[in-house]
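Presented below is the structure to which this report refers.
The values are calculated or read from the model by the stated rules, or taken from the named source; none is laboratory data. Since we're looking at a predicted model, the values are computed, not measured. Please note: Cβ atoms are built from the backbone with ideal geometry, for glycine as well, and neighbour counts cover all protein chains shown. Note: accessible area is taken over every heavy atom of the protein model, side chains too, but ligands, DNA and RNA are not part of it. Shrake-Rupley method; radii C 1.70, N 1.55, O 1.52, S 1.80 Å.
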Amino acid sequence: VMQKNLEERIKEHEGFRSFVYKDSLGKATIGWGHLLTEEDDYEEGNEYSVDQLEATFQIDLENAKQGAMRIAEDNHIYINEHRTVVFEVLIEMVFQLGASGVGKFKKFLLNLSKHQHDSAADEMLDSRWSMQTPHRAEELSLIIRAQADA
């Protein structure tokens, strides 16, 4: 099975809308899961181009990478070429939940730092996140679990 790249996987999980909508938590959202902020000039009722929303996605992705790097450092999760997939899972989790949200997964992060991938995957599934987006949590936990044998 060809491993989807990080961007494709996030986009697939987020889904795409070219107009402002309310997400499952009632927050105004557009594009690939972009939560509207004060800085945004997206307005309800308008349709926006894929190019404009792609630019917003790239900024969100870059922010998620920065957040994931901070979490990895803070939790002594050392990322090398063998652990890029682990880092990509962290990035996607930060993209979806924010850095502060992922920072609350204490046992998950501790297990990752100790290279205990099976236990880390268990912690991912034992979460409110897993109940809210079960398919995504399952898919990402399988990627982490696969690292146990890597």
Take GLU62 and tell me if it is closer than 21 Å to ASN111 by Cβ and not β-branched (Val, Ile, Thr).
no
If we ask which residues in the range 17-38 are surrounded by fewer than 18 Cβ atoms within 10 Å (Cβ to Cβ) and more than 15 Å from the chain's Cα centre (by Cα), their number turns out to be 14
Where in the range 39-150 are there helices (runs of 4 or more DSSP H), lying fully within it, with 2 or more residues that are in contact with a Lys or Arg (Cβ under 7 Å, 6 or more places away or on another chain) and either modelled with pLDDT of 95 or more or open to solvent by 80 Å² or more (accessible area, probe 1.4 Å) (or both)?
84-103, 117-125
Of (1) assigned to a helix (DSSP H, G or I); (2) closer than 22 Å to TRP129 by Cα; (3) of a type outside the set (S, T, N, Q), TYR21 fails just (1)
